[in-house]
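Read through the structure below, which is laid out as structure tokens, and then see the notes.
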Amino acid sequence: MADPYVLENGSEIAVIGGGPTGSFFSIFALKMAKMIGKELNVTIYEPKDFTKDGPRGCNRCGGLISELLVQTLAVEGINLPETLVQRGINSYRLYTDHGNVFIGTPSHEKTIATVYRGGGPKGIIGKGKESFDRFLLDLAVSEGAIHNPLKIDRIEYNNIRPVLFAKGQRIQEPDLAVGAIGVKSRTYKIFEDMGFGYRRPETVTAAIAEISTHSSAITEYFGNSVHLFLLPIKGVKFAAMIPKGTYVTVCILGKDIVVNTVNNFLDNRVVKSILPKTETYKVNCRCLPKMNVRAPKIPFNHRVILCGDAGSTRLFKDGLGAAYIMGKAAAKTAVFHGVSKQHFQKEYYPVYRNIIIDNKFGKVLFAVTDAFKVHKALNKSMFRVVQKEQLEPSSQKILSSVLWDMFTGNELYKDIFRRAMNFPMFFDIFKGCIRI
Amino acid sequence: MKDGELGRVYGEGEFIFKEGDEGDRMYVIQSGRVRITKKTPSGDITIATLGSGEIFGEMALFDRLPRSATAGALDEARILSIDKKKLFQTIDRDPTLVFKTLESMSRRIRRLDEEFTKLRKSKIDILQIFVNVDETCSFILEEAKNFIKADNGSIMLYSDEEKALLIKAAFGTEWNPKTKLNAGEGIAGDVLKTGRAELINNVSMDPRYKKGSADINSVLCVPIKGRNTHFGVINMSRISENLFTIEDLNLLRFIALYASIAIENAMNFSRLRNVADEVLMHATMLDMLG
Ligand SMILES: Cc1cc2nc3c(=O)[nH]c(=O)nc-3n(C[C@H](O)[C@H](O)[C@H](O)COP(=O)(O)OP(=O)(O)OC[C@H]3O[C@@H](n4cnc5c(N)ncnc54)[C@H](O)[C@@H]3O)c2cc1C
């Protein structure tokens, strides 16, 4: 007998959430199904209008698309148009209390993109650009997905088949339901209530603020660099300032983030020293989004799978890269293998677990960066090495590339960890951190 | 470079890599065009012009050989490069990443297959033409027509058997395929005899002129010279007021030079074939007799 969990011509997939994960899933599921001569019916449920300004049209993040994701998407044939990218980034500047250092892209290209997830900051000034989430959703639609702007409010099992409800009405009984709901809404309840053991990811609160000033001031003060801060501010693990059109996105990650954290950050001596003095700047848009810091243990069951932020994602960086990896891993499993719990366990779970394991290395690396915040001597020696590497064209730039990969999300934490171990100064800190 | 652009901008004519370089990255065009060229003994030839979204430079990554061609920006082009090591690491994690690259390579191979088939076909066509005297004459006349505008034209060859000039190929209305001219007869016959190329305007005034079906005005007549003798002529004529020039005459003389080589080769070949056929026939007969 044919496996009832294998998708056939005409099988229906409901994708709940049309953020990056939902769109990546749909794009790849449709592409791969076509490759093996199957037609799938994919419906994406997404009530948010990504062309709207401010938090209501936005999936709230720093909007940095990592070098790895930019390049991988290009190889996939998804090139980010100039109408979408706010600014191409070719470097980082890392600040601590004891100085700062500049790290350029190894290839001297603009390899990182900054985007807006929605229509832009509240009351956006100047000409807006396309929204990243909208761009991906449109791509999914052009591959053949149907976008339905409904919010799903309940899913029930009926003979091991998921049944979707919206506004109290039964709307679809698909062969597969994909939860790409992120962590920023209460939709996790829907999947918790299905009773197969899903529990929402553990989260911390982060802060994002958009500061507006003239676009010439942005270029002058921020250039094509992301500015990264490892400063001893209470509750702040690290912060980034990401230049876009006429705005700079301030993104603060940490433990006890509150509304006031942004003001404390902007009042910090080091931060103040790089902000325009004569230009006026204004905080235009702010939010306190949740961030996934620990993945759920059970992210799937028969005909149900959760991915992206609602599942496992990379710790503190490259969440969009993880949305691509996990959305695609779910699509591959569903199309090439099947949609039973066993199929997901065998094909999807190894990818899911790899991210979880890698985050453990990430935790150690972030503990090291914490050490950098306070150790003056350590800072000085690191700055010296990096500066020398950056000035010497022939240098191997080992430390620069470790830092570059750490902050751009270019490499697995595991690989960065391995490379960093070659540096005696890191080795000593690792030992210290592990003892703690 | 504009704020929202990714990659690196290459100016018009700037090289991205050169044939023979070592290849450690592949490229994806974000905007503009890139020309791929290859060195040949008779100069560089363009093998492809690529545009936005297309991948290039991937071959050296997969076969680990030096760059097989040169890539240069045709106009201003913006290009994203992808490091080999990072790419292979990513492919190792997700082998389906090569689907798109395979698709683009397959498309390229398919196009090459088509071009190769076309090339082979035209080579075979040319070979077939050049062993047949009549077809060689038609081919030469077609080519001549491309260079020199004329209303009528013909190639006539002297037949030893008929002791006359016979038409081998012609276009326009002036030439009757049955026309036969003895050596010295008409303009063509005279040119064959003297071996001098002629440009004659106001041809009706020329006493050698034998009126045909059209009122022609200007005539070019060039002998086709063999190693020892003249064995034919190329004629071209115009009805209109637009007269031939001395440049036209020189051009036709040039064409006639090449024509003579090609036609002699074709004649030799058919003679050879006749001889070979005869030998074969004798051999067969001997075989039958034996
Ligand atoms: C402060 C902060 C900064 C960040 N910065 C970056 C960064 O710079 N770069 C980076 O790569 N990543 C960053 N991230 C991570 C990134 O935001 C996420 O990894 C990414 O948004 C995950 O995409 P997703 O599609 O899984 O979820 P989301 O983007 O949250 O999308 C979920 C979608 O599901 C929809 N949805 C929810 N419930 C329902 C329902 N019931 N019915 C229908 N639709 C529903 C929502 O409307 C939403 O559109 C950051 C995160 C935070 C918190």
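Readers should treat all values here as calculations from the given coordinates under stated rules, not as data from a laboratory. This structure is a prediction, so every number in the text was calculated from the model and none was measured. Ideal geometry is used to build each Cβ from the backbone, glycine not excepted, and the neighbour counts take in all protein chains shown.
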Legend entry - chain B, relative contact order [Cα under 8 Å, separation at least 6], %: 13 percent
Inset, instruction - List the relative contact order of chain A as a percent without decimals, with contacts defined as Cα pairs under 8 Å and 6+ residues apart. - result: 20 percent
Legend entry - Helix A:398-408 axis, angle to chain A major axis (alpha carbon atoms, nearest 10°): 50 degrees
Legend entry - For segment A:224-234, Karplus couplings with θ = phi - 60° (6.51, -1.76, 1.60), whole Hz, Gly/Pro x: 9, 10, 8, 9, 10, 10, 10, 10, x, 9, 3
Inset, instruction - Within chain A, what's the longest run with no trypsin sites (Lys or Arg not before Pro) in a DSSP loop and at most 12 other beta-carbon atoms within 10 Å? Give the range, please. - result: A:298-436
Inset, instruction - Pull up all non-local amide H partners of A:LYS237: gap of 5 or more, or a different chain, and H-to-H distance under 5 Å with H placed in the peptide plane. - result: A:LEU253, A:GLY254, A:LYS255
Legend entry - Whichever aspartates and glutamates have a C-alpha closer than 19 Å to that of B:LYS85, once near sequence neighbours (fewer than 8 apart) are set aside: A:GLU67, A:GLU76, A:GLU109, A:ASP405, A:GLU411, A:ASP415, B:ASP21, B:GLU22, B:ASP24, B:GLU58, B:ASP63, B:ASP94
Inset, instruction - Using only the alpha carbons of segment A:119-276, determine the length spanned along each of the three principal axes and report them from longest to shortest in whole angstroms. - result: 63, 37, 23
Inset, instruction - Averaging over all projection directions, find the projected area of the Cα convex hull of segment B:1-83 and quote it in nm² with one decimal place. - result: 5.3 nm²
Legend entry - D_trans [Stokes-Einstein, Kirkwood Rh over alpha-carbon pairs] for chain B, 20 °C, 1.002 mPa s, µm² s⁻¹: 88 µm²/s
Legend entry - Full-stretch length increase - A:HIS108, A:LEU139 - with 0.36 nm per residue and alpha-carbon distance subtracted: 8.2 nm
Inset, instruction - In nm, give the distance between the simple-model label positions of A:ASN100 and B:ILE109, each being 7 Å from the Cα along the Cα-to-Cβ direction. - result: 5.2 nm
Legend entry - Pairwise FRET efficiency - B:SER122 versus A:ASP267, Cβ, R0 = 60 Å, nearest 0.05: 0.20
Inset, instruction - Treat each spin label as a single point 7 Å out from the Cα along the C-beta direction, and report the A:VAL374 to A:GLU392 distance in nm. - result: 3.3 nm
Legend entry - Pair A:THR280, A:ILE356: separation of 7 Å Cα→Cβ label points (nm): 5.2 nm
Inset, instruction - Please find the FRET efficiency linking B:MET1 to B:THR194, where r is the Cβ-Cβ separation and R0 is fixed at 56 Å, and quote it to the nearest 0.05. - result: 0.20
Inset, instruction - Would you please state the base-10 log of I(q)/I(0) at q = 0.12 1/Å for segment A:194-280, with intensities from the Debye formula using one equal scatterer on every alpha carbon? - result: -0.41
Legend entry - CD proxy at 222 nm, helix term only [per DSSP H run n ≥ 4: -39500 (n - 2.57); per residue of the protein assembly as shown; nearest 500]: -12000 deg cm²/dmol
Legend entry - Förster radius 30 Å - calculated FRET efficiency between B:ASP44 and B:GLN89 (Cβ-Cβ, nearest 0.05): 0.25
Legend entry - Folded to 0 to 90 degrees: helix B:84-93 orientation relative to chain B principal axis, Cα: 70 degrees
Legend entry - For segment B:130-264, average projected area of the Cα convex hull in nm²: 7.3 nm²
Legend entry - Percent of alpha-carbon pairs separated by more than 33 Å within chain A: 35 percent
Inset, instruction - Can you tell me the equivalent ellipsoid semi-axes for segment A:288-414? Use √(5λ) from the Cα gyration tensor, largest first, whole Å. - result: 37, 16, 10
Legend entry - Averaged over B:93-100, number of beta-carbon atoms from partner chains that fall within 10 Å: 5
Inset, instruction - Would you tell me the mean number of C-beta atoms belonging to other protein chains that fall within 10 Å of each C-beta in A:410-419, as a whole number? - result: 1
